[in-house]
Amino acid sequence: MKRETLRELAALIYPSRCPVCDEVIGANDCFCEKCTGILVRYEGDFLVKGSSGFAAAYEYHPNMEEAVLLMKRGVIGNAPYAFGTAIAERLREKGMDKADLLVPVPMFRSDLRRRGANQSQLIAEEVGRRLGIAVDAKSVVKSVETLPQKELRKREREVNMRGAFTVTAPESISGKTIIVIDDLCTTGSTLAELTSVLLGAGAAAVYCACACKAVEFKDKKTEE
């Protein structure tokens with residue numbers, strides 16, 4: 001049975017809702033018509049340090065904030081489907097849709113238990129279904145508990161993530177072209193650290209993709 005049909009059947013009991021405004025939408029829709037009209041495609045030229053390319057579906061702004069925050073709180077809904085679909089389309093547009101593996105940014109074990117799911121993994125699974133690329137959520141772990149990135153300055157974010165990730169199965173990474181998937185990229189510190197770890201484990205190339213890219217970052221130091 002096609003996935004679209006399965007979603008239509010599931011929607012008879014649990015209607016699909018727009019991840020931005022929570023309005024009921026069609027079973028295979030990503031966002032409602034109103035929110036689709038206000039979402040801003042990311043058209044920047046950001047590049048994560050060490051990576052071979054970067055893609056983001058949307059600019060991160062107040063209209064997107066609630067959808068991302070709900071995922072981070074464990075309220076998943078239609079967001080992984082909507083964001084995963086959008087990321088897959090952007091990767092195709094940029095010619096970055098050929099890879100051996102998708103690696104979602106891993107979460108620290110206590111955070112994963114509290115939240116119940118890794119939103120980046122759920123998004124990656126939708127990207128994988130769209131592009132026919134396997135998702136590897138086991139070969140890299142977040143082995144160090146870090147401070148919330150949103151509370152830190154740009155330089156502090158880089159230091160905070162240093163040494164946070166460990167490749168537990170280098171044989172699964174070595175020689176592979178990998179796309180790292182995340183929900184939100186602000187300064188790129190998390191993606192840069194994970195890219196470095198994957199390349200250090202022998203990855204042939206690492207690309208990065210996310211649902212939303214913050215186009216402005218106000219360093220807390222400038223506010224003091």
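The values are calculated or read from the model by the stated rules, or taken from the named source; none is laboratory data. If you're wondering where the values come from, they're calculated on a predicted model, not measured in any experiment. Please note: Cβ atoms are built from the backbone with ideal geometry, for glycine as well, and neighbour counts cover all protein chains shown.
Each row is one residue, and each column tells you yes or no for (1) acidic (Asp, Glu); (2) surrounded by fewer than 20 Cβ atoms within 10 Å (Cβ to Cβ); (3) touching an Asp or Glu at 6+ places or on another chain (Cβ under 6 Å).
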{"position": "ASN28", "(1), (2), (3)": "no, yes, yes"}
{"position": "ALA88", "(1), (2), (3)": "no, no, no"}
{"position": "PRO104", "(1), (2), (3)": "no, no, no"}
{"position": "ASP111", "(1), (2), (3)": "yes, yes, no"}
{"position": "ARG114", "(1), (2), (3)": "no, yes, no"}
{"position": "ALA124", "(1), (2), (3)": "no, no, no"}
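Inside the range 128-140, residues that are under 18 Å from ASP183 (Cβ atoms) and either assigned to a strand (DSSP E or B) or acidic (Asp, Glu) (or both) make up a count of 3. Considering only residues in the range 31-41 that are in contact with a Cys (Cβ under 8 Å, 6 or more places away or on another chain) and surrounded by 15 or more Cβ atoms within 10 Å (Cβ to Cβ), the one that is nearest to ALA82 (Cα to Cα) turns out to be PHE31. Where helices (runs of 4 or more DSSP H) fall entirely within the range 149-224, those with at least 3 residues that are at pLDDT below 90 are at 154-161. Applying the criterion of being of a type in the set (A, V, I, L, M) and modelled with pLDDT under 90 to the residues of the range 108-148, the residue that is nearest to the chain's Cα centre (by Cα) is ALA117. If the condition is being of a type in the set (A, V, I, L, M), at pLDDT below 90 and surrounded by fewer than 17 Cβ atoms within 10 Å (Cβ to Cβ), then the range 42-74 contributes only LEU69.
Number of residues in the range 88-127 that are assigned to a helix (DSSP H, G or I), more than 21 Å from SER196 (Cα to Cα) and in contact with a Gly (Cβ under 8 Å, 6 or more places away or on another chain): the value is 7.
Filter the range 72-123 down to residues that are acidic (Asp, Glu) and in contact with a helix residue (DSSP H, G or I) (Cβ under 9 Å, 6 or more places away or on another chain) and give me whichever is farthest from ALA204 (Cα to Cα). Across the range 72-123, the extreme among qualifying residues is GLU89.
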